[in-house]
Amino acid sequence: MKNSLISVLKHIGLVGGVHDFTPISSRMLADELGISQQSASKKILELLEDELITRRLGARRQFIKITDKGLNFLRSEYSDYQRLFELADYLTIRGVVTSGLGEGKYYVTQKGYMDQFMDKLWFKPYEGTLNIKISGRDLNKLSLIKNLDGIPIDGFEDHGRTFGKGKCFLCDIQGVECAIMDPNRTHYEKVIEIISKHYLRNKLKLKDGDVVEVRIAL
């Protein structure tokens, strides 16, 4: 994306376009960004075409809101700047231990995944996952993580069934080495699934409702 478009998208967010539709005119953008009104109108149209913003047209004003795609782009930009200026090599996310749907065990035990875990993560996972529900401000951190490349896990086919690709991030909980498994399943948007060579509930004496900190390597 052009730097000039990034500036416009960032400005829309700063004046309220992240959470709701907010009145923004091309004249206002032009004055704030030091460009012509014609250029400002063109940049709004480009952001619309790229589906980074959406708008509602009123009688005399237009109301603009940043889309999920636009927010993901800004989060990715933020992550890059954070790593550049803060020189952080890890990120800590807090969450609450919760019971899963039993899908983690099924996926972890598939040979096509297990072989990759052993090759790329350097351990053979316990046959199950520790599910941690994320909320509040830590959801923004989770979004940042999901926008990073991570350790790629390839998809495969087995007995006529397709298993999708995903990615992993090395991490630790209370000093115990483990990894986040991100299988890109939409109903797990607020949950991270942790795999480890240990049965973490026993190893760390965890139960549903316990708060844990996950330190994730970037």
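Take the conditions of a type in the set (Ser, Thr, Tyr) and either surrounded by 17 or more Cβ atoms within 10 Å (Cβ to Cβ) or assigned by TED's automatic domain parsing to the domain that holds TYR78 (or both) and apply them to SER135. Does it pass? Outline the logic, then answer.
On the way: of a type in the set (Ser, Thr, Tyr): yes; either surrounded by 17 or more Cβ atoms within 10 Å (Cβ to Cβ) or assigned by TED's automatic domain parsing to the domain that holds TYR78 (or both): no.
Spelling it out, it is not the case that SER135 is of a type in the set (Ser, Thr, Tyr) and either surrounded by 17 or more Cβ atoms within 10 Å (Cβ to Cβ) or assigned by TED's automatic domain parsing to the domain that holds TYR78 (or both).
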Return the pairs, sorted by first residue and then second, in which the second residue is part of a strand (DSSP E or B) and not hydroxyl-bearing (Ser, Thr, Tyr), the first residue lies in the stretch 19-42 and is assigned by TED's automatic domain parsing to the domain that holds ASN72, the beta carbons are less than 6 Å apart, and the residues are 6+ apart or on different chains. PHE21/ARG56; PHE21/PHE63; PHE21/LYS65; PRO23/PHE63; ILE24/ILE64
Within the group ILE132, ILE194, which residue is in contact with a Cys (Cβ under 7 Å, 6 or more places away or on another chain) and in contact (Cβ under 8 Å) with a residue 40 or more places away in the chain? ILE194
Output the residues belonging to the stretch 140-163 that are surrounded by 16 or more Cβ atoms within 10 Å (Cβ to Cβ), in a helix (DSSP H, G or I) and touching a residue at least 40 places away in the same chain (Cβ under 8 Å). LYS141, LEU142, SER143, LEU144, ILE145
I'd like to check something: does the stretch 171-194 contain any residue that is aromatic (Phe, Trp, Tyr) and assigned to a strand (DSSP E or B)? no
Counting only residues in the stretch 144-163 that are in contact with a helix residue (DSSP H, G or I) (Cβ under 6 Å, 6 or more places away or on another chain) and of a type in the set (Val, Ile, Thr), the one nearest to ASP115 (Cα to Cα) is identified as ILE153
VAL96 meets each of (1) assigned to a loop (DSSP other than H, G, I, E, B); (2) more than 16 Å from CYS178 (Cα to Cα); (3) among the hydrophobic types (A, V, I, L, M, F, W, C); (4) more than 14 Å from the chain's Cα centre (by Cα) with one exception, condition (1)
Those residues of the stretch 12-40 that are out of contact with any Lys or Arg (no Cβ under 9 Å at 6 or more places or on another chain) and crowded, with 17+ Cβ neighbours inside 10 Å come to a total of 2
When you go through ILE6, ILE35 one by one, which is the residue that is part of a helix (DSSP H, G or I), more than 12 Å from PHE63 (Cα to Cα) and of a type in the set (Val, Ile, Thr)? ILE6
For the stretch 162-196, how many residues meet the condition of being at pLDDT below 90 and under 14 Å from THR129 (Cα atoms)? 3
Against the condition closer than 14 Å to TYR90 by Cα, of a type in the set (Gly, Ala, Ser), more than 16 Å from the chain's Cα centre (by Cα) and exposed (fewer than 13 other Cβ atoms within 10 Å of the Cβ), how does GLY175 come out, does it pass? yes
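The values are calculated or read from the model by the stated rules, or taken from the named source; none is laboratory data. As the structure is a prediction and not an experimental result, all values here were calculated from the model. Please note: Cβ atoms are built from the backbone with ideal geometry, for glycine as well, and neighbour counts cover all protein chains shown.
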